[in-house]
Amino acid sequence: MSDILTTATMNKIRIILAALTISCSLGYSQNTEQEVIQEANQYFNEGDYFSAANAYARILNEASNAPLDISYQYAESLRLYNSYPEAAHWYLYVSKLDSTETFPEATYWYALMEKQIGNYDISISYLNKYLLNKGNIKHIERAKKEIKSCERAKWIIHDTIPVTVEHLGANINTPYSEFGAIQLSDTALYFSSLRRVVAEEEGSVLPGVFVSKIFRSKMSIAGFSNAKELKGSVNDLKTNNGNISFSADKSKLFFSRCVNTAPKLSCEIWVSECVKHKWKKPERLTRRINLPGSTTTQPCYVSGDDFDVLYFASDRSNGFGGMDIWYSVVKQGKYADPVNLGSNINTVGDEITPFYHTPDSALYFSSDTHEGIGGFDVFSSKGGLNQWSQPKNMGVPINSTANDIYFTVNEVDNDGYLTSNRTGSFYLKGETCCNDIYYYEWNKSKPLSTLSQDTLFIDTTNIEQRIKEILPLTLYFHNDEPDPATTKTTTDKNYKTTLANYFELKELYRGEYAKGLSGSDAEKARKDIDDFFNDYVKKGFSDLELFSKWLLEDLEQGNQVKITIKGYTSPLHTAEYNMKLAMRRISSLKNYIYEYRDHIFSPYLNGHSKNGAKLELFDAPIGKTEANSMVSDNPNDIRNSVYSRAAALERRIQIVMYESEKTKSIFDTLPKLSLPSNEISIGKLSNTETKRITIQYQNRGSGTLKIDSILVSSNAVEVQFNRNEIEKQGTDFITFTIHGANFNADQLDIEIKSNAVKNTHLKINVR
């Protein structure tokens, strides 16, 4: 198999060529069917599966009965650019009508497409049918593995792990291709992206030239700024550049360069050294690594005490299948002969995108053959060089039924990034055609209010009261943002994205506001800007994140919430223009709320929430009518009208009003038992220890609460609680005493039975 990075990249290039395909289709009536078939076959043989699919589709649209050979080629083309549901439809069509068994593989590929969609029982049924009919010998062993994989997938997909996966926004992802993200410390994200390098000529049906390049995006509290191409000679306009990996001291950057030598991509690993903060002209690694006639790609460079190791993916000979993972020991800059990682890692299929995390001695990689839930899944294995434990599937939501690749772990924590074509990615054609970068974060325990070592208290403050304490909540913008020089009243931009770009301009603000000043005056001007970004801009966003969290809690309690947002501008430009600018700024905050935590507020905004709660947003654009009259409105005086702290303070929006009203429900008359947290960790417990933990609980319902009983999963635990009745908003305590001598589990499951609507469950982790 060709390199997954550039296969995805080239597929996106081919999708961009749809304009050419459409142009060709206009002339179909002048072409014979045979000419179109030749055209489609040529696209297919060149690896341009998107254009091939369009050409085959033209034939099928003209035919009264779809020919099986064209239908099969159409299905193949759809599969190879990741259009799973449509490919499944056409494979099944061929399989059912193929009475002469001319296309026996249609059944096999139909089964795999159903697996990619997540229909595991259907996939198993057709894989068994394929084996019964004694299909192609090269697929028989794979079919057997896929049956086991589907059985396993039914378990994996329902056993989610405590991690949140979030699609990175438009500052990183585009409708083209983004992949292979690496975060350096907490300052920047490096990744690769397909971008236009030559614009199309006027009147041409070709959309120009696209290659993948390496990009860098700065990080701030609000996320990532607009990505910028890595400066220097690392990016080459004649090749696709990607798959980056840094040495531990960041003095070397390893990456791939790939060229399209149809029907496959040819890739090699290169390295560039950083000298005086600039990347030197890169050099190709030795032929010992870049074996002629094979693809060598996706480097992962691991620095060690006695020697370094280069892991990479390659389809060179003497492997186990298509793409395998290999390693080379590096001493004093010399690369030893590559060694295959062995059969625990590599299979008859494809293993790609290796990432080695030294702190936990773990290799993360993707495979389409180890037992997974669909396409490429991410796996982990402990060890090093060619000694590895049996790989473990990373589970859902790290993995999906689509392709999940390029799993990395950050330097500063255990969170990181992955690349996927799962639903939710930006795309040009078909929901799963294209790869984007996703951020994953391991779920941390909620912070608990603790007054003593063994007592946990619940926060009894009213949510509406907490929110009103941080109002008015003020958020700031750069001049004429979002969407400068327009008269639109709405924007597609999310406030978080806009703010990330604003943070990147901090040094520009410091320089412009201090321009023409010297000594203490210049230093004071720079300090003014620092204070503004830290005390106003940064604090505003921190308050917004807290506000969003509390807002969700309020809605989950079934309340009707109304929020009023005011928009302001500096005095630059006309009153009419500034009114529309204020409306765009309000719109960007609305987008933040709409998109928060993968659109979690949508049911409340569209009136479809299960608990009857509702969220309404109201606009109050002010424009410049309330701007400080002391702020300059002179466009020629940009120091004071744009970059001064006074002007920056005027470019804002505010959440000024928050109203929360309880939705009337039958449940209002019932009690509700609330805990500080439903999961608590108390640390390791030795055989000689006894630990006691006391937990406060509260009745947050209207009816009187009474605990009937508490069921515990271990006899080594004593439970003490009062059987008193607790009135509305009242509190009481439960004490658990855990005796280590008789406790041999790492988790304690507790069920609290009461007269509330449903029983309450608590988990205590003992590790």
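Counting just the residues of region 382-404 that are over 17 Å from SER149 (Cβ atoms) and over 15 Å from the mean Cα position of the chain (by Cα), which one comes out most open to solvent (accessible area, probe 1.4 Å)? Write out each step before concluding.
Residues of region 382-404 that are over 17 Å from SER149 (Cβ atoms), as a first pass: 382-389, 397.
Add one more test, that the residue is over 15 Å from the mean Cα position of the chain (by Cα), and what stays is 382-389.
Working: LYS382: 113, GLY383: 26, GLY384: 22, LEU385: 52, ASN386: 71, GLN387: 130, TRP388: 24, SER389: 49 Å².
Among those that are over 17 Å from SER149 (Cβ atoms) and over 15 Å from the mean Cα position of the chain (by Cα), it is GLN387.
So that you can scan it fast, the table gives a plain yes or no per residue for (1) more than 25 Å from LEU670 (Cα to Cα); (2) surrounded by fewer than 13 Cβ atoms within 10 Å (Cβ to Cβ):
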site: ARG723; (1), (2): no, yes
site: LYS728; (1), (2): no, no
site: THR731; (1), (2): no, no
site: ILE738; (1), (2): yes, no
site: ILE752; (1), (2): no, no
site: ALA756; (1), (2): no, no
site: LYS763; (1), (2): no, no
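Could you list, in sequence order, the residues of region 174-198 that are assigned to a loop (DSSP other than H, G, I, E, B) and buried (at least 22 other Cβ atoms within 10 Å of the Cβ)? Before you say what the answer is, go through the steps one by one.
Let us first name the residues in region 174-198 that are assigned to a loop (DSSP other than H, G, I, E, B), namely 174-177, 185-187.
TYR176, SER177 - these are the residues of region 174-198 that are assigned to a loop (DSSP other than H, G, I, E, B) and buried (at least 22 other Cβ atoms within 10 Å of the Cβ).
Taking interchain pairs and intrachain pairs at least six residues apart, which have beta carbon atoms under 8 angstrom, with the first residue in region 138-164 and within 17 Å of ASP121 (Cβ to Cβ) and among the acidic types (Asp, Glu) and the second open to solvent by less than 90 Å² (accessible area, probe 1.4 Å) and part of a helix (DSSP H, G or I)?
What qualifies is GLU146/ALA111; GLU146/LEU112; GLU146/LYS115; GLU146/SER123; GLU146/LEU127; GLU151/TYR120; GLU151/ILE124.
Residues in region 734-767 that are over 33 Å from the mean Cα position of the chain (by Cα) and either free of Cβ contacts under 8 Å to residues at least 40 places away in the same chain or not in a strand (DSSP E or B) (or both): how many? Quick ask: steps written out before the conclusion?
We begin by selecting, within region 734-767, every residue over 33 Å from the mean Cα position of the chain (by Cα); these are 734-745, 750-759.
From what is left, the residues that are either free of Cβ contacts under 8 Å to residues at least 40 places away in the same chain or not in a strand (DSSP E or B) (or both) are 740-745, 755-759.
So the count comes out to 11.
Spot the failing condition for LEU291; the list is (1) at pLDDT 95 or above; (2) loosely packed, with under 13 Cβ neighbours inside 10 Å, and only one is missed.
(2)
Identify, please: which residue in region 527-545 is over 17 Å from GLU650 (Cβ atoms) and of a type in the set (Asp, Glu) and is, among those, farthest from the chain's Cα centre (by Cα)?
Per the criteria, the residue is ASP530.
Please give the number of the condition MET113 fails out of (1) at pLDDT 90 or above; (2) of a type outside the set (Val, Ile, Thr); (3) part of a loop (DSSP other than H, G, I, E, B).
Condition not satisfied by MET113: (3).
Answer with yes or no whether ILE586 is out of contact with any strand residue (DSSP E or B) (no Cβ under 6 Å at 6 or more places or on another chain), assigned to a helix (DSSP H, G or I) and at pLDDT 95 or above.
Working: out of contact with any strand residue (DSSP E or B) (no Cβ under 6 Å at 6 or more places or on another chain): no; assigned to a helix (DSSP H, G or I): yes; at pLDDT 95 or above: yes.
No, not satisfied.
Residues of region 336-356 being within 27 Å of the chain's Cα centre (by Cα) and either among the aromatic types (Phe, Trp, Tyr) or open to solvent by 40 Å² or more (accessible area, probe 1.4 Å) (or both), which ones?
If we filter region 336-356 for residues that are within 27 Å of the chain's Cα centre (by Cα), which is where we start, we get 345-346, 349-356.
Those that are within 27 Å of the chain's Cα centre (by Cα) and either among the aromatic types (Phe, Trp, Tyr) or open to solvent by 40 Å² or more (accessible area, probe 1.4 Å) (or both): PHE355, TYR356.
With the requirement that a residue be surrounded by fewer than 16 Cβ atoms within 10 Å (Cβ to Cβ), in contact with a Phe, Trp or Tyr (Cβ under 9 Å, 6 or more places away or on another chain) and either over 16 Å from TYR439 (Cβ atoms) or not aliphatic (A, V, I, L, M) (or both), what does region 142-168 give you?
GLU151, LYS154, PRO162, THR164, GLU166
Look through region 322-335, keep the residues that are free of Cβ contacts under 8 Å to residues at least 60 places away in the same chain and open to solvent by less than 40 Å² (accessible area, probe 1.4 Å), and return whichever of them is nearest to GLY384 (Cα to Cα). It would help to see each step written out before you state the result.
Just the residues of region 322-335 that are free of Cβ contacts under 8 Å to residues at least 60 places away in the same chain, to begin with: 324-335.
Subset that is open to solvent by less than 40 Å² (accessible area, probe 1.4 Å): 324-330, 335.
Values: ASP324: 16, ILE325: 12, TRP326: 11, TYR327: 10, SER328: 12, VAL329: 11, VAL330: 14, TYR335: 17 Å.
Restricting to residues being free of Cβ contacts under 8 Å to residues at least 60 places away in the same chain and open to solvent by less than 40 Å² (accessible area, probe 1.4 Å), the top hit is TYR327.
Can you name every residue in region 286-303 that is touching a residue at least 24 places away in the same chain (Cβ under 8 Å) and either among the aromatic types (Phe, Trp, Tyr) or out of contact with any Ser or Thr (no Cβ under 8 Å at 6 or more places or on another chain) (or both)? Show your work before the answer.
Step one: filter region 286-303 for residues touching a residue at least 24 places away in the same chain (Cβ under 8 Å), giving 286, 288-289, 291, 295-303.
Listed by number, the residues that qualify are THR286, TYR301.
So, GLY169, is that one out of contact with any Lys or Arg (no Cβ under 6 Å at 6 or more places or on another chain) and either at negative phi or free of Cβ contacts under 8 Å to residues at least 24 places away in the same chain (or both) or not? Quick ask: steps written out before the conclusion?
Details: out of contact with any Lys or Arg (no Cβ under 6 Å at 6 or more places or on another chain): yes; either at negative phi or free of Cβ contacts under 8 Å to residues at least 24 places away in the same chain (or both): yes.
So GLY169 fits the description; yes.
Rundown of residues vs (1) crowded, with 21+ Cβ neighbours inside 10 Å; (2) within 29 Å of the chain's Cα centre (by Cα), yes/no style:
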residue: GLU39; (1), (2): no, no
residue: ALA55; (1), (2): yes, no
residue: LEU78; (1), (2): yes, yes
residue: SER95; (1), (2): yes, no
residue: ASP98; (1), (2): no, no
residue: THR107; (1), (2): yes, no
residue: ILE117; (1), (2): no, yes
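Six or more apart or on different chains, Cβ under 9 Å: which pairs go from a residue in region 648-663 that's farther than 20 Å from TYR502 by Cα to one that's of a type in the set (Gly, Ala, Ser) and open to solvent by 20 Å² or more (accessible area, probe 1.4 Å)? Could you list them?
Cβ pairs passing all conditions: VAL656/ALA620; MET657/ALA620; THR663/GLY612.
Please verify whether region 405-424 includes one or more residues that are hydroxyl-bearing (Ser, Thr, Tyr), over 13 Å from the mean Cα position of the chain (by Cα) and open to solvent by 10 Å² or more (accessible area, probe 1.4 Å). Walk me through how you get there before you give the answer.
Quick first cut of region 405-424, residues hydroxyl-bearing (Ser, Thr, Tyr) only: 406, 408, 417, 419-420, 423.
After this cut, where a residue has to be over 13 Å from the mean Cα position of the chain (by Cα) as well, the list is none.
Within region 405-424, none of the residues are hydroxyl-bearing (Ser, Thr, Tyr), over 13 Å from the mean Cα position of the chain (by Cα) and open to solvent by 10 Å² or more (accessible area, probe 1.4 Å).
I'd like to know if region 207-219 contains one or more residues that are over 28 Å from ASN591 (Cα atoms), modelled with pLDDT of 85 or more, of a type in the set (D, E, K, R) and assigned to a loop (DSSP other than H, G, I, E, B).
No: region 207-219 contains no residue that is over 28 Å from ASN591 (Cα atoms), modelled with pLDDT of 85 or more, of a type in the set (D, E, K, R) and assigned to a loop (DSSP other than H, G, I, E, B).
If MET1 passes every condition in (1) surrounded by fewer than 21 Cβ atoms within 10 Å (Cβ to Cβ); (2) at pLDDT below 90; (3) outside any loop (DSSP other than H, G, I, E, B) but one, which one does it miss?
Unmet for MET1, out of (1) surrounded by fewer than 21 Cβ atoms within 10 Å (Cβ to Cβ); (2) at pLDDT below 90; (3) outside any loop (DSSP other than H, G, I, E, B): (3).
Do you know which of the residues in region 551-588 that are over 20 Å from ILE463 (Cβ atoms), among the aliphatic types (A, V, I, L, M) and surrounded by 21 or more Cβ atoms within 10 Å (Cβ to Cβ) is nearest to the chain's Cα centre (by Cα)?
Taking region 551-588 as the starting set, the residues that turn out to be over 20 Å from ILE463 (Cβ atoms) are 566-588.
Next cut, among the aliphatic types (A, V, I, L, M) only: 572, 575, 579, 581-583, 586.
The next check asks that each one be surrounded by 21 or more Cβ atoms within 10 Å (Cβ to Cβ); those that pass are 572, 581-582, 586.
Working: LEU572: 38, LEU581: 31, ALA582: 31, ILE586: 26 Å.
It comes out as ILE586.
Please go through region 241-284 and pick out each residue that is among the β-branched types (Val, Ile, Thr) and buried (at least 18 other Cβ atoms within 10 Å of the Cβ). Outline the logic, then answer.
To start, the set of residues in region 241-284 that are among the β-branched types (Val, Ile, Thr) comprises 244, 259, 261, 269, 271, 275.
ILE244, ILE269, VAL271, listed by residue number.
Within region 533-549, which residues are buried (at least 17 other Cβ atoms within 10 Å of the Cβ) and hydrophobic (A, V, I, L, M, F, W, C)?
PHE533, VAL537, PHE541, LEU544, PHE547
Quick one: would you say ILE752 is under 29 Å from ASN611 (Cβ atoms) and touching an Asp or Glu at 6+ places or on another chain (Cβ under 7 Å)?
Values: under 29 Å from ASN611 (Cβ atoms): yes; touching an Asp or Glu at 6+ places or on another chain (Cβ under 7 Å): no.
Criteria not met by ILE752.
Looking at this structure, is ASP404 among the charged types (D, E, K, R) and touching a residue at least 24 places away in the same chain (Cβ under 8 Å)?
Criteria met by ASP404.
For region 590-618, which residues satisfy the criterion of being of a type in the set (A, V, I, L, M) and in contact with a strand residue (DSSP E or B) (Cβ under 6 Å, 6 or more places away or on another chain)?
Going through region 590-618, the residues of a type in the set (A, V, I, L, M) turn out to be 593, 600, 605, 613, 615, 617.
The answer is LEU605, ALA613, LEU615, LEU617.
Given the criteria at pLDDT 95 or above, closer than 25 Å to THR347 by Cβ, of a type in the set (A, V, I, L, M, F, W, C) and surrounded by 18 or more Cβ atoms within 10 Å (Cβ to Cβ), does CYS300 qualify? Reasoning before the result, please.
On the way: at pLDDT 95 or above: yes; closer than 25 Å to THR347 by Cβ: yes; of a type in the set (A, V, I, L, M, F, W, C): yes; surrounded by 18 or more Cβ atoms within 10 Å (Cβ to Cβ): yes.
Answer is yes for this residue.
The values are calculated or read from the model by the stated rules, or taken from the named source; none is laboratory data. This is a predicted model, so every value here is computed, not measured. Glycine gets a Cβ as well: all are built from the backbone with ideal geometry, and neighbour counts include every protein chain shown. Calculation scope for accessible area: heavy atoms of the full protein, side chains included, ligands and nucleic acids excluded. Shrake-Rupley method; radii C 1.70, N 1.55, O 1.52, S 1.80 Å.
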